[in-house]
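Working notes for the structure below.
None of the figures in this text is laboratory data; all of them are computed from the coordinates on show. Just so you know, these numbers come straight off a predicted model, no measurement behind them. Because the Cβ atoms are built from the backbone with ideal geometry, glycine has one as well, and the counts that use them run over all protein chains shown.
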Amino acid sequence: MTAIEIRNLAKSFGPVKAVDDVSFSVDAGTITGYLGPNGAGKTTTLRCLLGLVTADRGTALVDGRPYPALEHPLTEVGAVLEATSFHPGRTARDHLRVICTAAGLPAARADEALAQVGLAEAARKRVGEFSLGMRQRLALGTATLGRPRVLILDEPANGLDPAGIEWLRGFLRNLAHDQGVAVLVSSHVLAEVQQTVDNVVIIARGRLVHQGSLAELTGNGERPVRVHAAEADRLVPALEAEGARVERAGDGVLRFYGVDAETVGRAVLEERVLVTELVRERSDLQEIFMQLTRET
Ligand SMILES: Nc1ncnc2c1ncn2[C@@H]1O[C@H](COP(=O)(O)OP(=O)(O)OP(=O)(O)O)[C@@H](O)[C@H]1O
């Protein structure tokens with residue numbers, strides 16, 4: 001079921017086309033990474049989706065409606081945009097309780113949400129004493145307070161240490177895969193979200209450059225066999241005869257594209273070349289990401 005739908009969205013700021021005819025959707029129960037370098041247009045898209053910016057053209061819908069038309073936004077959409085500011089003198093629990101009261105949620109939900117984001121022990125601490133990572137957790141607790149079916153997060157890993165990123169991964173997976181929430185999460189670092197997301201949408205200079213599953217993205221990248229050998233060049237004729245393309249990386253390192261490791265191994269045997277390394281390279285997601293988003 002489509003939970004978020006962006007269709008032909010466009011927004012310019014003066015001469016800058018921040019978002020230029022972008023379309024994609026996010027289904028319930030899935031996590032989509034919205035990726036692109038700094039200034040690509042991610043935040044502008046999310047702000048359009050949340051009704052904070054008016055699009056020039058196109059639509060951005062949550063459950064088939066624009067955000068301002070939602071009757072109970074807090075229980076329908078949760079969002080964290082940039083570092084949220086909290087009242088520094090207020091405790092984490094009071095912060096959430098105030099929102100519970102305003103939204104007609106039971107006060108007990110505040111403690112539940114704090115436990116879910118790993119802040120149970122910090123419930124009585126003033127938010128002014130919180131680290132950046134704790135603030136991110138509190139922002140997530142705030143966004144999920146009304147148990148929304150849609151969660152929109154702008155760079156949520158900022159300020160989290162590796163353990164925090166690991167925790168975030170589990171938190172988002174649980175929401176999406178176990179509770180059916182549609183999650184849209186932006187990042188400019190592919191590696192940060194690659195173990196979390198099911199689908200990726202990549203944007204550069206306001207234009208969509210790729211969308212699909214993470215598997216499709218990595219599948220598109222060819223995985224060469226890398227050989228390190230002082231006499232590696234002696235392998236070239238035999239492997240070219242097998243259809244390989246060769247890339248010389250210098251210092252006795254060659255990459256063979258279009259052949260598998262076994263074929264390369266056989267050539268090594270037949271040519272009696274002393275090899276110090278022979279490995280099928282993993283496709284480097286960050287490299288694919290860089291290629292897709294590179295300035296042309
Ligand atoms: N309110 C605004 N006024 C003028 N220009 C803006 C405004 N908001 C965004 N822009 C411009 O639109 C482009 C896209 O910005 P946006 O913040 O959407 O990118 P982003 O992908 O979220 O980047 P980042 O990863 O740095 O947050 C940039 O060139 C930015 O300078």
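For the chain, what is the mean residue ellipticity at 222 nm derived from helices alone (per DSSP H run of n ≥ 4: -39500 (n - 2.57); sum divided by total residues; nearest 500 deg cm²/dmol)?
Estimated from H runs of four or more residues: -9000 deg cm²/dmol.
Hey, got the dipole for the chain? About the Cα centre, +1 on K and R Cβ, -1 on D and E Cβ, debye to the nearest 20?
1180 debye
Quick one: among A18, A215, A229, which has the greatest mean-square fluctuation in a GNM of the chain with alpha-carbon springs under 10 angstrom?
A229
Can you classify the range 224-280 as rounded, prolate or oblate using the Cα gyration tensor, where a ≥ b ≥ c are the square roots of its eigenvalues, rounded means a/c under 1.5, and otherwise it's prolate if a/b beats b/c and oblate if not?
Rounded shape, in that the Cα axes give a/c under 1.5.
Reachable aspartates and glutamates from K125, Cα under 17 Å, same-chain residues fewer than 8 places away excluded?
Partners within reach: D94, D111, E112.
Could you derive backbone 3J(HN,Hα) for the range 56-62 from the dihedral phi with the Karplus parameters 6.51, -1.76 and 1.60 (θ = phi - 60°), listing whole Hz in sequence and x where the residue is Gly or Pro?
So the J values, rounded to whole Hz, are 6, 8, x, 10, 9, 10, 10.
Explain nothing, just compute: Karplus ³J(HN,Hα) = 6.51 cos²θ - 1.76 cosθ + 1.60, θ = phi - 60°, for every residue of the range 224-240 in order, whole Hz, x for Gly and Pro.
After applying 6.51 cos²θ - 1.76 cosθ + 1.60, I find x, 9, 9, 10, 10, 7, 4, 10, 4, 4, 5, 7, 4, x, 5, 6, 5 Hz.
Magnitude of the Cβ-charge dipole of the range 224-280, K/R +1 and D/E -1, about the Cα centre, nearest 20 debye?
So the magnitude is around 100 debye.
Once label points are set 7 Å from the Cα along Cα→Cβ at both A107 and D94, what is their separation, rounded to one decimal in nm?
About 1.3 nm separates the two model spin labels.
Could you tell me how far the Cα centroid of the range 30-80 sits from the Cα centroid of the range 224-296, in Å?
Taking the Cα centre of the range 30-80 as reference, the centre of the range 224-296 is 44 Å away.
Using only the alpha-carbon atoms, what does the range 168-296 span along each of its principal axes? Please give whole angstrom values in decreasing order.
In descending order, the Cα extents are 57, 36, 23 Å.
Which of G104, G180, V275 sits farthest toward the positive end of the charge dipole of the chain, with +1 on the Cβ of Lys and Arg and -1 on the Cβ of Asp and Glu?
Checking the options against the dipole of the chain, the answer is G104.
Mind listing the phi-derived Karplus ³J(HN,Hα) values for the range 18-26, rounded to whole Hz, using 6.51, -1.76 and 1.60 with θ = phi - 60°, and x for any glycine or proline?
So the Karplus estimates, Gly and Pro as x, are 5, 9, 10, 6, 9, 9, 6, 9, 10 Hz.
Set Lys and Arg Cβ to +1 and Asp and Glu Cβ to -1, take the dipole of the chain about its Cα centre, and tell me which of A230, H72, G36 lies farthest positive.
Of the listed residues, the answer is H72.
With axes computed from alpha carbons, what is the tilt in degrees of helix 162-173 against the longest principal axis of the chain, rounded to the nearest 10 within 0 to 90?
Around 70 degrees separate the two axes.
What is the distance in Å between the Cα centres of the range 189-218 and the range 124-188?
Result: 19 Å between the Cα centres.
Rounded, prolate or oblate: which one fits the range 115-195, using the alpha carbon gyration tensor with axes a ≥ b ≥ c (rounded when a/c is under 1.5, else prolate when a/b beats b/c, else oblate)?
Cα axes put the range 115-195 in the oblate bin.
Check the straight Cα-Cα distances from K42 and name the lysines below 24 Å, setting aside those fewer than 8 residues away within the same chain.
Leaving aside lysines fewer than 8 places away in the same chain, those within reach of K42 are K11, K17.
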